[in-house]
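Just so it is clear, none of the values below were taken in a lab; they were calculated from the coordinates. These numbers were taken from a predicted model, which means no experiment stands behind them. Here Cβ is always computed from backbone atoms with ideal geometry, including for glycine, and neighbour counts include all displayed protein chains.
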Amino acid sequence: MYKKVAASALPQRRLLASAIGFAIASSAGLSLAAEQSDGTLQLDKVSIEGKQEQSYKVDQVSSPKYTAPLLDTPQTVTVVPAEVIKEQNALSLRQVLSNVSGITFGAGEGGNYGDSINIRGFSATNNLMVDGLRDSANMTRSDMFNLEMVEVVKGPSSVYAGAGATAGSINMVSKTPSLRESNNLQAGLGTDGYHRLAADINQPLDGIEGAAFRLNLMAHENDVAGREQINYERWGIAPSVAFGLGTPTRLTLSYLHQSDENLPEYGLPAIAGKVLDGVDRDDYFGFRNIDTEEVDVDSFTAKVEHDFNDLVSLNSITRYSETDNRTVTTRSYVETLGNDQYKYRSGSGNGRDTTSKLAINQTNLVWNFATGFIDHSLVTGMEVSRETVDKTNFSNNLDLDLVYDLDNPPGYYSGPRHKTNTSTVDAELTDQALYVFDTLALSDQWDLTLGARWERYEGENDEKDFEEDTRTQLESTDEMLSGRVGLAYKPVENGTIYVAWGNSYNPSAQGLATTGTGLEEGNQNLDPEKNETWELGTKWELLDQRLALNAAIFRVDKTNGRVELDDGSYELQGEQRVEGFELGASGKLTDKWQAFASYTQLSSEVLKAAPGEDQVQEGQALANTPPRSFSLWTSYQLPADFEIGYGAQFVDERNVAVATRETPSQASRGKIDAYWVHGAMLGYQASEELQLQLNVNNLFDEEYYDRVRTSAGSADSTGGLVPGDGRSAVLSANYSF
């Protein structure tokens, strides 16, 4: 089955490769025609100027809700820019976010949870956005081919991102058309079966003033370095067109399609944060002829912008997206039989067919005015959305009495199987919100930032269990008012000192749109969890505003976390706290030397647990929350058109899980080993059009675990850790014209 699926993808990849070649040839013809008509070399001049302007430093986030530049925004906001992403050849969202300290990843196997991300110890999985709109479909963001940069906002901020933003939010910014003609073709070849072809074509439309068209294409395949049995294949296309650029009224229409065919995994069996003895990094505990992850994403977006005058503007963005996800996985959790023999745990080989649909609109009105001596930057807006999840769970009814040696898992299944549907889930989540933000310039040195958001959150869940012959219908409605206050003082023009407070809410229904689960009989009537943060920080721009520095100390408190009681009901009596400090730097140290770095120190603790668990859990650090983490990427322009880059990431030892009465104390307090990972880049500008780049990832082939399933595990049922990628090398050629 697996080989058949892989073979069926070949015509699609060949067709896409032909489309990329045709797009390049067409755009080349357009460029030649333009050159013949006016006799100039305008394209070459634009390309050179664009290269000179590239920098790691970003001055403004994309969302109009942030009414001040980053220097004056009283919150920790980290933007991973296009230049860092390009130099690292970072493809997935996980690779991009590895540049931001204080972020860890859960081991969400394909299609169940997709990207599982923690910021400052709390989950941000439900607060992923694209162009400021929530994008909560349960999938792995595997490719950045249509994305410009990634913005990470840290700390509870429901006022900006909506319900659930305990950790903060992550916004992915799409590429859009511009009036500057540019064309880029990328081809990549590397170890571990790495093959990539991509194109980014941007062309003004002749005869239509202010109109431009952009097309991004991608075809990709690779095995996982150090785990050659795992392989990924995908292709994508993203056309967009804009009208009215450079005029008061602008319209942008865009479409995205991406198809992934991957071999999913649960990682390696582990107990207490340590992989079982005898297990190698390249062992695969799934069934290659059964397991699969097939994802198709279609997204349509329309954005309208209008400037009434220099002081008042309107922007409205609407999106409809649909994600189809078929996943079958075999669990790496194993049961110990003794004599170094093991067998698969129940549930292996089961799967789900999921269709997620999202319709969402966000409309903002931006005002700039004065009341007396106070200048205002005011944003008023509304957001409405409807998300649905239709999921069918099924079992292949595999014979899991298969016994094997731990150092030789079978990898294939040859026994009987019979597919039956076990349950269906029909979930719906609707959201309506009104919000207002204002930055008040009280004087040349003092700014006051205020924000408030009212939100109505309604969830419904209809689940049918065919094995138990039951049907469960649940619903939940919450109304929440969140806010944020920040006071900034500028002792000099290039420096800001600030103090800020913000809060967030976690309603019981927030997971419905991601997994179709989370709402239960015991919690459907509970109020949302509440979280708040205090932050004291400072931001500076040095070296003639080429280098941005930031530092902050913070505290995040969850004051009424949901805890499950012995009878299966829930109460809001849990308390958790994470406090620490962060340092960050981005920009140019010299004309030729750039750096992007961050360091985070966290102290996390369970302050109050459920009755009966308090003696076990209270005082423990939160799971998958390292006390220290660090990330660095730096590059330097050498003579003779060479460029070198170096990166390092450190993640400290951290708890794999929080103890419970059901788990042995020594296992539940197990630690995942700390790790350092290094990478390097060598670039060469062979001509004005051609740039070559060699990336070596995991330079010293470190064996480490960067995705954690927060279960301590036991001999009866182990937990799981997913290894980080081994050493790999990729040579890319970027041709711009």
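Descriptive notes on the structure:
- Taken one residue at a time, the phi angles of the range 284-299 give Karplus couplings (6.51, -1.76, 1.60, θ = phi - 60°) of 10, 9, x, 10, 5, 8, 10, 5, 6, 9, 10, 10, 10, 10, 10, 9 Hz. Gly and Pro are set to x.
- Backbone HN-Hα couplings from phi across the range 707-714 [Karplus 6.51/-1.76/1.60, Hz, Gly and Pro as x]: 10, 10, 8, 6, 9, 5, x, 8
- Annotation: amide H of Y266 within the under-5 Å range of S332, sequence separation 5 or more or interchain, hydrogens built in the peptide plane.
- Summing charges over all other residues whose Cβ lies under 10 Å from the Cβ of P204, with Lys and Arg as +1 and Asp and Glu as -1, gives -2.
- By the count of neighbouring beta-carbon atoms within 10 Å, fewest first, I85, I374 end up ordered I374, I85.
- Rounded if a/c under 1.5, otherwise prolate or oblate - the range 172-736, Cα gyration tensor axes: rounded
- Inter-probe distance in nm under a simple model that places probes 7 Å from Cα toward Cβ, at E618 and L536: 2.8
- Neighbourhood charge, 14 Å Cβ-Cβ cut-off, centred on F650 and excluding it, Lys, Arg +1 and Asp, Glu -1: -3
- Length gained on full extension, N408 to S569: 53.7 nm, using 0.36 nm per residue less the C-alpha separation.
- Distance-filtered residues of the range 357-397 - backbone nitrogen under 19 Å, label point 7 angstrom along D426 Cα→Cβ: 357-359, 386-394
- Theoretical ellipticity at 222 nm over the chain - DSSP helices of four or more residues, -39500 (n - 2.57) apiece, nearest 500: -3000 deg cm²/dmol
- Summing charges over neighbours of E493, with a neighbour being any other residue whose Cβ is under 11 Å away from its Cβ, gives -2 when K and R count +1 and D and E count -1.
- Stretched out straight at 0.36 nm per residue, the stretch from T249 to E322 would grow longer than its current Cα-Cα span by 23.4 nm.
- Using θ = phi - 60° and Karplus 6.51 cos²θ - 1.76 cosθ + 1.60, couplings along the range 376-381 (whole Hz; Gly, Pro as x): 10, 10, 10, 10, 10, x
- As a rough guide to protection, the peptides 398-404, 674-680, 122-128 ranked by mean Cβ packing within 10 Å, highest first, stand as 122-128, 674-680, 398-404.
- Amide H contacts of G720 (H built 1.01 Å from N, under 5 Å, at least 5 apart or other chain): A270, R709, S711
- Charge dipole of the chain about the Cα centre (unit charges at C-beta), most positive-ward option of T533, T252, G162: T252
- For L731 and K592, a Förster radius of 25 Å and the Cβ-Cβ distance give a FRET efficiency of 0.60, rounded to the nearest 0.05.
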